[in-house]
Structures are given as structure tokens and as C-alpha cells.
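Peer 1: Quick one: the structure is below, and I'll ask about it shortly.
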Amino acid sequence: MSDKTYVKRYSALARANHWVTAISLVLLAISGMALFHPSLYFLSGLFGGGANAREFHPWIGLVLAISFLGLFFRFWRLNLWERTDNVWLSRLRSVLAGREEDLPEIGKYNAGQKMVFWFMSILIVVLFLSGVVLWDDSHEWLAANLGLSFTIEQSRIAVLVHAIAAVIAIVVWIVHVYAAIWVKGTLSAMIRGKVTGGWGWRHHRRWLREEFGKGAKGTPPAE
Amino acid sequence: MTNNWTDIKNADVVLIMGGNAAEAHPCGFKWVTEAKHHNKARLVVVDPRFTRSAAVSDYYCPIRAGTDTAYLLGVINYLLTNEQYHKDYVANYTNASFIVRGDFSFDEGEGLYSGYNPERRAYDRSSWEYELGEDGFARRDLTLSDPNCVFQLLKKHVARYTPEVVSRITGAPQDKFLKVCEYIGSTGNGERSMTIMYALGWTQHSHGSQNIRTAAMIQLLLGNQGVPGGGVNALRGHSNVQGLTDIGVLAHLTPGYLGMPRDGEGNFDGHLAARDFTPLLPDQTSYWQNYKKFYVSLLKAMYGSAATPANDFGFDWLPKIDKVYDTLQIFERVYQGEVNGFICQGFNPLMSVPNKAKMSAGLSKLKFLVSMDPLMTDTAEFWKNHGDANPVNPADIQTEVFVLPTNCFAEDEGSFTNSSRCLNWRWKAAEPPGNARHDAQVMAELMQRIMRLYREEGGTAPEPILNLDWQYADPMYPQPDELLKELNGKALRTIRDASDPTKVQYQAGQQLASFGHLRDDGSTSSACWLYTGAFTEAGNITARRDNSDPSGLGVHPNWGFAWPANRRILYNRASADPQGRPWSERKAYIQWDGSRWVGPDVPDYGATVDPARKVGPFIMNPEGVSRLFARKLMAEGPFPEHYEPFESPVANVLHPNHSSNPAARVFKGDLEVFGTSDEFPYVATTYRLVEHFHWWTKTSKLNAIVQPEFFVEINPALAAEKGISNGDWVRVFSNRGSVKGKAVITKRIPQLTVDGKTVHTVGMPIHFGFIGETKTAVGVNALTPFVGDANTNTPEYKAFLVDIERADPPAVA
Amino acid sequence: MSYINPKLDLVRRSASSDPEPALAPGDQVAKLIDISKCIGCKACQVACMEWNELRQEPEENVGVYDNPADLNPDTWTLMRFTEYENTAEDRLEWLIRKDGCMHCTDPGCLKACPAPGAIVQYSNGIVDFNSEACIGCGYCVKGCPFNIPRISKADNKAYKCTLCSDRVAEGMGPACAKACPTKAITFGSKADMVTLAAERVEDLKERGYARAGLYDPPGVNGTHVMYVLHHADQPSLYAGLPDNPRISPIVETWKGVTKYAGLLAIGAAAAVGLGHYFMAGPNEVSDHDEDAARKLKEGRDV
């Protein structure tokens, strides 16, 4: 009935960056899960067997780490914590019920998204560092170039840390994906790069005001 | 070995000194672990290093390399002073009671016996003899109290070797020395026995023979000779080096330890007259009286029908030597340019003969060098530059080198004679590779060509060559079994029983069963009398593989063939008292049952000789007893005396004027390159590693993996003094050359106090050279002195002087 | 190349949910290494390389007798030399220990292994690697309390002593035991080896080693390679033999609670999401929202 307005949310580069990260993360999760529990070992079939899954996993991890670094520098300012985030968090019940009228106006990211961002940032650092300890093939290079070597006890700790961090990362990932599915119209942001104005009005009103304010010739939007 | 490998399990004390059985004889060492496990034996190790043998010992005592004689004389002093010797054995079975000639003397201040000639560096040994009675027999005092009897002379001689003096000389702490004496003394009673295991740690000294003699004297004093778990046991260093010495590949001996004819002996009768085997006591066997039978049988084996009584069986065709042509003598002549060609058969002298620089210079003077070997040897490439490891200029060397590949031991059949004197036949496991040929094949072809040249062209004295009996099925390839049959010997015509002429003992052509059947009339042949019985009409006795041990004493009578006469323990008559009863039930071995000698072994005695006849148990000796006093048989004295190595950190504490062996031969030029302790302050010693065998296994990858590179072992204190860290490159140098290796810093090399002075030892393994899979190295013989034992001329590898410093890695070609 | 020997009965496979059976005591084998008889000759090392056709490049001397310097994919057993100054007895001791897989009854490598059937335990107690299934992840290295498995750079497979399972299947002892000249290595039923060890310990005590004993550590439910030690009270004297080895609690946590709790957490997260979706329904943008946005864009007050 009514014509929808559209707002640009992500540039093509940002989307590509995101999807490289996303695909890496999924591949890592699958190959990692295959080696995590015997009942999931069949997943290694996707890579052509356990040996390949083991071989590819760290290389994909390296891709993820670099790719995520891009996302991090792209988005970290927007994910800085604000006072309104506390309000948002304290009204989680309304969030889950979809009563966004009870929530303050949100900028580009809500507190949930920010938490996903920061969780992932920390977890990926942890996974990367513990992963390097476990990546035997890299050790010769590390020893030669950085003088790094690891004891077996350190690698035991690394493997436990890696597993726990991976589980948490997968849980965070589930939250992230679910939110994108539950909040209709979100996927469009990462697929087409733009969202409808209504989506922005409903979920990120302050951001929408800023976006519209930038291009508007009239008075700046009222606070 | 007087005893044998399996007998070691019967020992109560095992003394390893002058050897490192665990390292160099790991398979034989199993019998030490058996003795420990099943006989509660105690293992005592005395060594300049804490060795692999020491690692599993019950007691270890350090000693300075080259002072074993002093240590052992100290042990004798302890045994005599504390009366821990076997009195009946000493009185009845040794020459302790024999009276020595009045003109025999020993000058304690000078360290010289009567008869020394300093110009010749040799003794007139005529005074080193027993006082003979009017009956021609030696005079004795069975109470052992006559001041000129051997026992009293020995007591006086060793009295100087108090624990204090022993410790001053050897660096062994007194308490440790005395503890070792206690272990040794615990076996001087007939109830318990001690075995002594030694190897090149005793022989490779300028006084090596005396080290072993002193050990033999200890065993005689303790009554440990001829008994189970006793003996003086030489651990031979190659699978068949016992066979090598038996068959006479020594320049002064023919097969079976018969003498090589010498200048001045004249004919055969003269040769025999120079050897006097007249018994020195009534009724003694003096078995060497059969010498002529052995010799004639040997000549018949060599010259066959050409050897007749009329021509002394061809005795005149044998070479007559003017001096002993031992390894050092020969290479001295090579070095002097007096030798044109040299055939190395399984020999790598560039690495194994002392003073590599001298060796290299000598080999360069040859017109031709032949290397017969299964492997490429360093010697065969002595002319090639291998960087610091062999820094020669090929353009300067004109020697023509021929390499004739031979097969290795597993690629043919034949016999090995092991340390136990036991001949074991072995079978072919694989075909030789490429053009490799059997040694006998190479030599036969060479011989045939030489014979043909003599036949066709004549020459000076062709008889020794052309008269050789060469009755092999294939003259170009004598087979191993043919050779063993020839060594064993056969009847050349019908032989009748000596006691019953109606009985035919052998038909012509039959293999002989015993050296007791050899004749001196030319009716028998035998190339090595000791091996008679090894291949009889019953077949190849050495191929027997019945490992049953009916007595449980480690006597396996049907396994192979042990010379002589399949006897497993030599002098075993001495395991029983003069009446023929065992000294103790524990050590019962051979005993008199009223009509004959019985036991698990072949008696070393007349099988039916009644003990009442008082025939001594040491039947080879004209005395019938063993010798604490060696008569004229040793070059440097009838009793052992402590002499320092030619390179020593200290002067001889007892007689500084004659510090080292006064009778050892030193060539001009070698004397000049002996180092002194102010320039080269550290005692160096060389040794084997279990991971390698001489210079062979460095060509094998597996051996190189487990021991890849030459190294130098030093004590942490010396390392700290020199600023050397573990694994550093170090340079070790003597007055003859220098080597580089990796430093292995270890507490296993003790720091000793010798005559109040701190003495450090530098230990270096042999084995490494510039050919093979291991890292290249110069070879330790670049450092070692060109001097040998006064009797055998075995080179002094075990004690010399060096200095050491940190170094840069060597240049590699 | 290691493989599963079809002639031996499997009782455990890595990364499988089979129940963990106890080994039947009657069938168990063991190798007894009597350190008091060992002369460090390395015949066992060479026999191992020969039988298993292992050939590495010779290394350098690094100032010790241990050659090669460490276990590696081509060196499955290694003599480790330790000089110990026994001040109480005023003597030097040269302790020589043959290092290699201990064949734990409770194998940490097998526990840690993520690849089904890459590590197996036979009913006789031998723990074996199977190259076909091995993925080279190195988890066995982390699982092992004795630091034994090594990953080959050539084929990315884990290697270690097999206790010559191929020879044992044919009724022979391991190559190392066959080659040992001093009977420092013996092989037989575990019960017989324990008896022999008791005899040896008694002998050592009689020689003054009051603390001699058998090393068959209970922390891993015993091993199928055991040592007779002169100083059984201080196993770590012997080139760092663990005093009380057990599978690391970190590895136990990783392969135990983490494995299950992790799956549970992931499953729970997914379930919560699904439940929420059904309960709360999708969070949709309404036309009203779109209108408001359009107005905002056009600059009208909203």
C-alpha cells in the first residue's frame, strides 16, 4: 500500500567483509565440532575427511582472524557502550516481547548487537591465540621468527580454552543469527545493504534520524 | 679367555678393569648380569671413566689411565699382608716355593732388574731363573720361608705398593682402593671365585703385558685359576680376532703359537734346541715336549709330499726373521720408505695405527697400496682431501691405490673363533654384492698368478712358493670347509695305535680326532694343532648347535668346538686340591673318582693320571705349576713393576730415573715427539663406544643415527677452567697432531689427585673418520704416540698427553 | 605406517561411544625394563628402527649420549641418560632409561583422540595407532602423560611404539626385547612380569637399594611397559619419568565435562531461539513504521 523508503545500512565492502567472516566462522564451527565430539565427526565429511578438516581448520581460522579484524576496525566506534544501552538491557523483557515502544531510541546498534560484537571480538582473539598454540604446523615458523615455543602443558590449557571459547562463540553466533531471523527485514541489511525506513524507525530510530538528517535540507531532526 | 663367556655366570665377584665389557662386549656382558641376578655376584669396576659397565656395577673406583700395574701390585700387597690368599693353592700350584738364582736382583731406586743394557734398551735375562739342583730340577722351599724363594721375593717386591703409594700413583682414593681389595680378597678361599674381564684397556700400554701378568698373579694367589667363575679373561675385540692369533697372522708366530724360525737358529734341529721343554720338576708333563709333532704336521700341511724327513719337512723354506715385524715395525719401515707395496686386508691403518701424520706420510711413500675390504676405507682414500679431516694435497701423492671389494662375513660361510676359544661355524645369509669376492678367492688367484710367474720365469728361491701344497677342489677358490679340514689335519698314511700296533687308528686320508694323535714322522698333517678335533671324521664339529648344559655350570660341550680338545676351562685340574678333591662343593668342577678324572668338562690333565703321582696341574709348563715369577719370559722383568706411560703428567713416584718401561722399543723420531706435561697437561685416553664397531659401522646409517659424531669428554671442572660449554666445538692437541670434536661435559670423567697434583682426563672415542654416514672427523690416532708394549708392541692408545681449548667448527671439504 | 592388527582383539577405539571395558587380566601382556640391568647399548633402538623400517637422518652430537636428541616420528624408542650424584651413598650413578610408549591401561592419547579408530587398545593391553584413521591433530600428544607421540611432518600422522603388536600377534616378543643383550628388557604376561620384577626388586634391596621398586603407575591404571627402578621413590630422577602420571585434569575436563556441557549449551541456545520464535512470533515492521519513516524522511515531525 504505502511506498517504502529505503536507508543504506552497509556498504558492499562491509557486506563482503561480513560474509567472509560469517562463512569462515561457519566452516570453523563445522570442522571444529567434527573434532570436538565423536557424534559430530561425520561433519568432517564436508571437508573430505578428518585429516582435511584438521588441515583446513587453522587456515580458515587465519582467514577469519584477518577478516574479523576488518570488521572490528570498521565497527568498533559504533559499538561503544552508551547510557541508553543500560536502559535497553534493563528492559530485556520488552525486547524479547518485541515491545520496542518501551525502549529508548537506539542508534545503529542496540546493546544486544554490541554485546555480540564485543563477545566475538574477545572470543576470536582467544580462539586465535589458543589456536596458534595447537597449530603444530606453525610452530617451526613461530620458533624461527618469533622465538615462540609451547610446552605440552600450555597446549593442554590451550585446547581446553579453545574448546570453551568455541562453544561460547557458537552460542553467541546462534544469538546473532536468531536475532537476524526473528527481527524481520534485518537480513536485507547484509544482503542488499539497505533496510526499509520502517525497519530503521522500529529498531534503530536514532540511527534513522541521523541518516535522514545527514541528507535533509531542512531542520535537523528533533531529539 | 682362560674360562669362557657362559662360565662368567658362576662368578661371585666380577672385576672389570682394563676393559669396559658393557660397552665393547654387550652380548657377552649378559653373563655378568646373569651372575648378578642368579649368583648374587658383585660387579666391581676400576676405570679412568665411569663407564657403561660402571653404570650397572656394585662398586666403582676411579684410576688414572696407565697406572693399572701399580694398582694391581697394591692389591697383591693387600692380599699378602692380610693373608687373604689361597695358601694351599699358592704352595702347590704356583712357583711360590721355587728358589730364584742368587744373581737375580731388583734395584728399587732405579726400577731396574739385573741384566739391563741401557744402549739396547733390553735385558740380559739369564739371572731371571730358578736355582737348579744337581738333579737338574728346580730347588724349592715348600715352607715358602727361604728369602730367595719366589713368595718371599714377591712379598718384598710388592711391599712398596702400600695403599698410600697406590693412591699417590693412581689417583684412586685410598678408601675406594681398599674397598676393591676387600671384594677381591673375599674370593681367596676356594669357596668363592672372581673372574677378571679385561680388554684393550690393559693391553694398549707400553707395559700392557705386565698389567695382565699382574692380574694373572692375583688370580693365582686367590686360587681363582682353573675354577668355575674364575680366570683371567681377555675379551677379544673382533668376532674372529682369536682365530686370527690362533692361525698365526702375527709376524713372530706360525699357526698354533709355534715359533717363527729366527736368524741364528740354523736348521730345524737348531730351532728345536732353542726351545727347551725339559721338565723342571720330576714327573711333570711339560706338554710342549710335543712341539716337534705339531711343527712337522704344520710343515706337512704346508708342503705336502715335498716335505720329507730328508729335507727337514721343508723347514728351511720358511722365512727366518731377524726381529719382530709387528705393526709398528712395519709402518716404521713404510715411513722410512723401505716398503714398496702394501696389501691391507680388512685393515684401515690410516685410522688404527698411531700417529696419523706419520701414517699418511708413510702411505704416500708407497708405490702401490691394495685395499681388500667390504667397505670403502679411510686408508683407501688417504690420498684424497677431506677438508680438516684429511688435509692432504692429492697432487703430492704418487701412490697407486687398488680397491678390491671383498664380501662381508654374512656373505660367506666359515668359522669364527670367539673369546672363549670356541669355533662356531656360520652360514651364508646373503650373496655378496657386485664384484665383491671372498678373501680366499682373491688370495688364491693372486697366489696362482705368482706361482705361474715363478714356474714360467723362475726366480730366487722359488721353493717356498712352488712347493706349497695346494690341493683344493678349485685351486682358484679354496672353500671354507676345505680350509678348516686342513687346519684340523689328517692321516697321510695308515696309522696304527701306539699302544696296540695291531689296531689301525686311521686309514690314510682320514681326519684326525685329536692333536694327541699327531706324529713327528711326517705321517700326519695339521695346519694348526690347536684346531685338531674341529673337523673330524664325525663331520664339522664347529657346526654343532646343541646348547644343552647338563651340569648347569655353563658348560655346553656339544656347542661348537673350543680349543684345545673342546676344553671350556683351561687349567681345570686346579679346581681340585692335590688329592683330587674339589676345593669346595660350590666350586666343584673336575675331580678324581679313584680311577679317572671326571666332571662336566674335558680335564686339562691326563685323564687317568693318579693324583698320587704329583703331576702339576699346569701341564704346559715344565714346572707343572703356574708362575708368579715369570722367569725369562717377559721383556721388562720377571715381576711386574709400575712404569708410567711414555707421556705422563707426573714422574714415576718410585724411580723417576726410569719412569717408563725401560725395555719398550722407541724408534728414533718418535722419542722426539713425545709431549711433556708442562706443555700438554691432561691425560688423554681413547676407547670404543657400544654404538660402533671400529671404523666399519660409521658407514652404516643405523649406527650413525644412534651415535652420529666424534666427541670429547671432559670433567665439568676442566670445562669451567677452559670456558667450554656442553656441545661446544673443542680442539684437542698433542705433540703429534690435533682433532676437533663436540664437548661432552660429564661427571663420569673424574678429577683425580695424583701425588698431590690435580689431574684431568680427556676422553675420546675411536670410530670416527672421514668416510661414511657419521660426521667427518680427523681420527684420534692423529694424537696417539708411536710406541708399544715391550713384549707385544701393542700401541699405547690408552694413556698419553694432550691440551684442549675451545675452537671454531672444522672446515669440511 | 601403523595399522590395526586384525589378529588382535580390540577393546577400545578412540572417538567412539563404546563402553569402556576393563582389560581381562589373563590376556594382558607387558614389557619389563629393568634399569638396573640396562647398559644403554641402544640395541633396542636399532632393533626398533630395523623392524619398523624407520630411518631418520643422523643428527649432530649435542653434548650428550642421547641420540637422536629426542623421540621423533622415526625414533619410537630412545635411551635417555642421566648423571645422578647420590650424595647419601657418596657415589655417581648413570641412570639409563629406555623411553617410549608406556601402553597405559587408561591411555590418555586414546581419550584425547578425536578421530574414530585412530587409536585403539587391544585386549592384551597394547595401545596402537592406526595411520589410516589418524588426522594428525596432535591431540594424542596433549593427552599423553608421558610425552610420547610425535607427529610426522612427512605424512601428518602420529607415531609411537606399537609394542610390536604385529610381532605379538604372531606370538613373538617385541623387537627391542629380542635384541636386548642383557635381558634388561623382558616380555611376557603382565602377571609374570610383575613376579619377575618382585624378584629383581628383592635383589636390588639386598644390594643396598632400599627404595627399589616397580614402576606401574596407578594413576593410569597401570602400564604395559613397566620399569624396575633402583629409586622407585623418585622416578623423576630417570630423565623426568613422571612421579605420579595421570591423564592431565585439563584433558579430562576437556574430553569430559566440556564435551557434554558444550553440546548442551549449543543445543540449548538453538532451542531457546526456536521456543522464543514460536512464543513471541516474528518481530515485524508495520506499515505504521514505514509511514513514520517516510514522514521523517520528508522532514515532517513525527
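Peer 1: Please go through region A:41-87 and pick out each residue that is among the small types (G, A, S), away from chain C (no Cβ under 11 Å) and part of a helix (DSSP H, G or I). Lay out the reasoning, then the answer.
Peer 2: Pass one, region A:41-87, residues among the small types (G, A, S): A:44-45, A:48-51, A:53, A:61, A:65, A:67, A:70.
Narrowing the set further to residues that are away from chain C (no Cβ under 11 Å) leaves A:45, A:48, A:61, A:65, A:67, A:70.
Residues satisfying the conditions are A:G45, A:G61, A:A65, A:S67, A:G70.
Peer 1: I need the full set of residues from region B:283-336 which are in contact (Cβ under 8 Å) with a residue 24 or more places away in the chain and of a type in the set (K, R), in order please.
Peer 2: Residues satisfying the conditions are B:K292, B:K293, B:K300, B:K320.
Peer 1: Within region B:1-57, track down each residue that is more than 9 Å from every other protein chain (Cβ to nearest Cβ) and assigned to a strand (DSSP E or B).
Peer 2: B:V13, B:V14, B:L15, B:I16, B:M17, B:L43, B:V44, B:V45, B:V46, B:D47
Peer 1: Could you tell me how many of the residues in region C:76-91 are within 8 Å of chain B (Cβ to nearest Cβ) and either within 13 Å of B:L702 (Cβ to Cβ) or aliphatic (A, V, I, L, M) (or both)? Talk me through it step by step, then tell me what you get.
Peer 2: The initial filter retains those residues of region C:76-91 that are within 8 Å of chain B (Cβ to nearest Cβ), namely C:83, C:85, C:91.
Remaining after also requiring either within 13 Å of B:L702 (Cβ to Cβ) or aliphatic (A, V, I, L, M) (or both): none.
Matching residues across region C:76-91 total 0.
Peer 1: Moving on to the next point. Output the residues belonging to region A:39-74 that are of a type in the set (K, R) and under 20 Å from C:K153 (Cα atoms). Explain how you work it out, then say what you get.
Peer 2: Within region A:39-74, the first condition is being of a type in the set (K, R), and the residues that meet it are A:54, A:74.
Correct list: A:R54 only.
Peer 1: B:T761 versus (1) β-branched (V, I, T); (2) under 27 Å from B:V165 (Cβ atoms); (3) modelled with pLDDT under 95: which is the lone unmet condition?
Peer 2: (3) is the only condition that B:T761 fails.
Peer 1: Could we say that A:R206 is more than 9 Å from chain C (Cβ to nearest Cβ) and more than 21 Å from A:R15 (Cα to Cα) here?
Peer 2: Values: more than 9 Å from chain C (Cβ to nearest Cβ): yes; more than 21 Å from A:R15 (Cα to Cα): yes.
Taking the combined requirement at face value, the residue satisfies it.
Peer 1: State whether the residues of region B:613-620 include one that is farther than 19 Å from B:S514 by Cα and surrounded by fewer than 19 Cβ atoms within 10 Å (Cβ to Cβ). Talk me through it step by step, then tell me what you get.
Peer 2: Within region B:613-620, the subset farther than 19 Å from B:S514 by Cα is B:613-618.
Those left that are additionally surrounded by fewer than 19 Cβ atoms within 10 Å (Cβ to Cβ): B:613-614.
Yes - at least one qualifying residue is present in region B:613-620.
Peer 1: Looking only at region C:102-115, count how many residues are assigned to a loop (DSSP other than H, G, I, E, B) and either at the interface with another protein chain (Cβ under 10 Å from one of its Cβ atoms) or out of contact with any Leu (no Cβ under 7 Å at 6 or more places or on another chain) (or both). Break it down into steps so the answer makes sense when it comes.
Peer 2: Of region C:102-115, the ones assigned to a loop (DSSP other than H, G, I, E, B) are C:102-103, C:105-107, C:113-115.
Of the ones still in play, those that are also either at the interface with another protein chain (Cβ under 10 Å from one of its Cβ atoms) or out of contact with any Leu (no Cβ under 7 Å at 6 or more places or on another chain) (or both) are C:102, C:106-107, C:113-115.
Matching residues across region C:102-115 total 6.
Peer 1: Within region B:545-556, how many residues are buried (at least 19 other Cβ atoms within 10 Å of the Cβ) and over 20 Å from B:M194 (Cα atoms)? Break it down into steps so the answer makes sense when it comes.
Peer 2: Residues of region B:545-556 buried (at least 19 other Cβ atoms within 10 Å of the Cβ): B:553-556.
So of that shortlist, the ones also over 20 Å from B:M194 (Cα atoms) come out as B:556.
The total comes to 1.
Peer 1: Can you pull out every residue in region B:721-738 that is touching a residue at least 12 places away in the same chain (Cβ under 8 Å), away from chain C (no Cβ under 14 Å) and not aromatic (F, W, Y)?
Peer 2: Keep residues of region B:721-738 that are touching a residue at least 12 places away in the same chain (Cβ under 8 Å), which gives B:722-738.
Then drop every residue that is not away from chain C (no Cβ under 14 Å), which leaves B:722-723, B:731-738.
If the condition is that a residue be touching a residue at least 12 places away in the same chain (Cβ under 8 Å), away from chain C (no Cβ under 14 Å) and not aromatic (F, W, Y), then B:K722, B:G723, B:R731, B:V732, B:S734, B:N735, B:R736, B:G737, B:S738 are the ones that fit.
Peer 1: May I ask you to verify whether B:L244 is buried (at least 16 other Cβ atoms within 10 Å of the Cβ) and at pLDDT below 95? Don't jump to the end; show me each part of the working.
Peer 2: Numbers: buried (at least 16 other Cβ atoms within 10 Å of the Cβ): no; at pLDDT below 95: yes.
Judged against the criteria, B:L244 is not a match.
Peer 1: Still on this structure: If you go through region C:87-108 one residue at a time, do you hit one that is among the aromatic types (F, W, Y), farther than 30 Å from A:Y41 by Cα and touching a helix residue (DSSP H, G or I) at 6+ places or on another chain (Cβ under 6 Å)? Show your work before the answer.
Peer 2: Of all residues in region C:87-108, those among the aromatic types (F, W, Y) come to C:94.
Checking the rest, the ones that are also farther than 30 Å from A:Y41 by Cα come to C:94.
Still in the running and touching a helix residue (DSSP H, G or I) at 6+ places or on another chain (Cβ under 6 Å): C:94.
There is at least one residue in region C:87-108 that is among the aromatic types (F, W, Y), farther than 30 Å from A:Y41 by Cα and touching a helix residue (DSSP H, G or I) at 6+ places or on another chain (Cβ under 6 Å).
Peer 1: Are any residues in region A:44-74 more than 30 Å from C:K157 (Cβ to Cβ) and without any contact (Cβ under 8 Å) to a residue 60 or more places away in the chain, and if so, which ones? Full working, then the answer.
Peer 2: Going through region A:44-74, the residues more than 30 Å from C:K157 (Cβ to Cβ) turn out to be A:67-74.
Selection gives A:S67, A:F68, A:L69, A:G70, A:L71, A:F72, A:F73.
Peer 1: So, one more: If you check C:L264, C:L196, which single one turns out to be in contact (Cβ under 8 Å) with a residue 12 or more places away in the chain and either more than 7 Å from every other protein chain (Cβ to nearest Cβ) or among the polar types (S, T, N, Q) (or both)? First the steps, then the outcome.
Peer 2: Details: C:L264 fails: in contact (Cβ under 8 Å) with a residue 12 or more places away in the chain.
None of the other options fit; the residue is C:L196.
Peer 1: Okay, moving on. With the condition kept exactly as written, say whether any residue in region C:50-64 is under 20 Å from the mean Cα position of the chain (by Cα), more than 7 Å from chain B (Cβ to nearest Cβ), part of a loop (DSSP other than H, G, I, E, B) and surrounded by 22 or more Cβ atoms within 10 Å (Cβ to Cβ).
Peer 2: Within region C:50-64, none of the residues are under 20 Å from the mean Cα position of the chain (by Cα), more than 7 Å from chain B (Cβ to nearest Cβ), part of a loop (DSSP other than H, G, I, E, B) and surrounded by 22 or more Cβ atoms within 10 Å (Cβ to Cβ).
Peer 1: Can you name every residue in region C:238-261 that is at the interface with chain A (Cβ under 8 Å from one of its Cβ atoms) and under 19 Å from A:T151 (Cα atoms)?
Peer 2: Of everything in region C:238-261, those that are at the interface with chain A (Cβ under 8 Å from one of its Cβ atoms) and under 19 Å from A:T151 (Cα atoms) turn out to be C:S248, C:I250, C:V251, C:T253, C:W254.
Peer 1: Sort through B:A777, B:A717, B:A813 and tell me the only one that's small (G, A, S) and not in a loop (DSSP other than H, G, I, E, B). Spell out how you get there, then give the answer.
Peer 2: Working: B:A777 fails: not in a loop (DSSP other than H, G, I, E, B); B:A813 fails: not in a loop (DSSP other than H, G, I, E, B).
Just one listed residue meets the conditions, B:A717.
Peer 1: Within region B:393-414, can one find any residue that is crowded, with 20+ Cβ neighbours inside 10 Å, β-branched (V, I, T) and touching an Asp or Glu at 6+ places or on another chain (Cβ under 8 Å)?
Peer 2: There is at least one residue in region B:393-414 that is crowded, with 20+ Cβ neighbours inside 10 Å, β-branched (V, I, T) and touching an Asp or Glu at 6+ places or on another chain (Cβ under 8 Å).
Peer 1: Only one of A:M190, A:M115 is touching a helix residue (DSSP H, G or I) at 6+ places or on another chain (Cβ under 7 Å), away from chain C (no Cβ under 12 Å), surrounded by fewer than 19 Cβ atoms within 10 Å (Cβ to Cβ) and part of a helix (DSSP H, G or I). Can you tell me which? Can you show your working first?
Peer 2: On the way: A:M115 fails: touching a helix residue (DSSP H, G or I) at 6+ places or on another chain (Cβ under 7 Å).
None of the other options fit; the residue is A:M190.
Peer 1: Need the failing condition index for B:T203 against (1) closer than 23 Å to B:N20 by Cα; (2) crowded, with 24+ Cβ neighbours inside 10 Å, just the number.
Peer 2: Unmet condition: (2).
Peer 1: Does A:K214 satisfy the criteria of being surrounded by fewer than 21 Cβ atoms within 10 Å (Cβ to Cβ) and over 16 Å from the mean Cα position of the chain (by Cα)?
Peer 2: Details: surrounded by fewer than 21 Cβ atoms within 10 Å (Cβ to Cβ): yes; over 16 Å from the mean Cα position of the chain (by Cα): yes.
Yes: the conditions hold for A:K214.
To keep it simple, each residue is scored yes or no on (1) modelled with pLDDT under 95; (2) out of contact with any Ser or Thr (no Cβ under 7 Å at 6 or more places or on another chain); (3) exposed (fewer than 14 other Cβ atoms within 10 Å of the Cβ).
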{"residue": "A:R9", "(1), (2), (3)": "yes, yes, no"}
{"residue": "A:A22", "(1), (2), (3)": "no, yes, no"}
{"residue": "A:L25", "(1), (2), (3)": "no, yes, no"}
{"residue": "A:L64", "(1), (2), (3)": "no, no, no"}
{"residue": "A:R91", "(1), (2), (3)": "yes, yes, no"}
{"residue": "A:R99", "(1), (2), (3)": "yes, yes, yes"}
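Peer 1: Among B:A55, B:A96, B:A91, B:A70, which is over 20 Å from B:V158 (Cα atoms) and either of a type in the set (A, V, I, L, M, F, W, C) or in contact with a Cys (Cβ under 7 Å, 6 or more places away or on another chain) (or both)?
Peer 2: On the way: B:A96 fails: over 20 Å from B:V158 (Cα atoms); B:A91 fails: over 20 Å from B:V158 (Cα atoms); B:A70 fails: over 20 Å from B:V158 (Cα atoms).
When all the criteria are applied, what remains is B:A55.
Peer 1: Going through C:I96, C:I39 one at a time, which residue ends up being at pLDDT 95 or above, within 11 Å of chain B (Cβ to nearest Cβ) and part of a strand (DSSP E or B)? Full working, then the answer.
Peer 2: Details: C:I39 fails: part of a strand (DSSP E or B).
Going through C:I96, C:I39 in turn, just one is at pLDDT 95 or above, within 11 Å of chain B (Cβ to nearest Cβ) and part of a strand (DSSP E or B): C:I96.
Peer 1: Please return the ranges of helices (runs of 4 or more DSSP H) entirely within region B:144-238 where 1 or more residues are closer than 22 Å to B:V555 by Cβ and in contact (Cβ under 8 Å) with a residue 24 or more places away in the chain.
Peer 2: Hits in region B:144-238: B:208-222.
Peer 1: What are the pairs with Cβ atoms under 8 angstrom where one residue, in region C:2-22, is more than 14 Å from every other protein chain (Cβ to nearest Cβ) and surrounded by 10 or more Cβ atoms within 10 Å (Cβ to Cβ) and the other, located anywhere, is in a loop (DSSP other than H, G, I, E, B) and modelled with pLDDT under 85? Sequence gap at least six, or different chains.
Peer 2: The qualifying pairs are C:V11/C:P21; C:V11/C:L23.
Peer 1: Within region C:94-108, identify whether any single residue is small (G, A, S) and over 17 Å from the mean Cα position of the chain (by Cα), and answer yes or no.
Peer 2: no
Peer 1: Test each condition in (1) under 30 Å from A:V167 (Cα atoms); (2) buried (at least 20 other Cβ atoms within 10 Å of the Cβ); (3) within 8 Å of chain A (Cβ to nearest Cβ) for C:H276 and report the one that comes out false.
Peer 2: Among (1) under 30 Å from A:V167 (Cα atoms); (2) buried (at least 20 other Cβ atoms within 10 Å of the Cβ); (3) within 8 Å of chain A (Cβ to nearest Cβ), the lone unmet condition for C:H276 is (2).
The values are calculated or read from the model by the stated rules, or taken from the named source; none is laboratory data. On a predicted model such as this, the values are computed, not experimentally measured, just so you know. Virtual Cβ from ideal backbone geometry, glycine too; neighbours counted across all protein chains shown.
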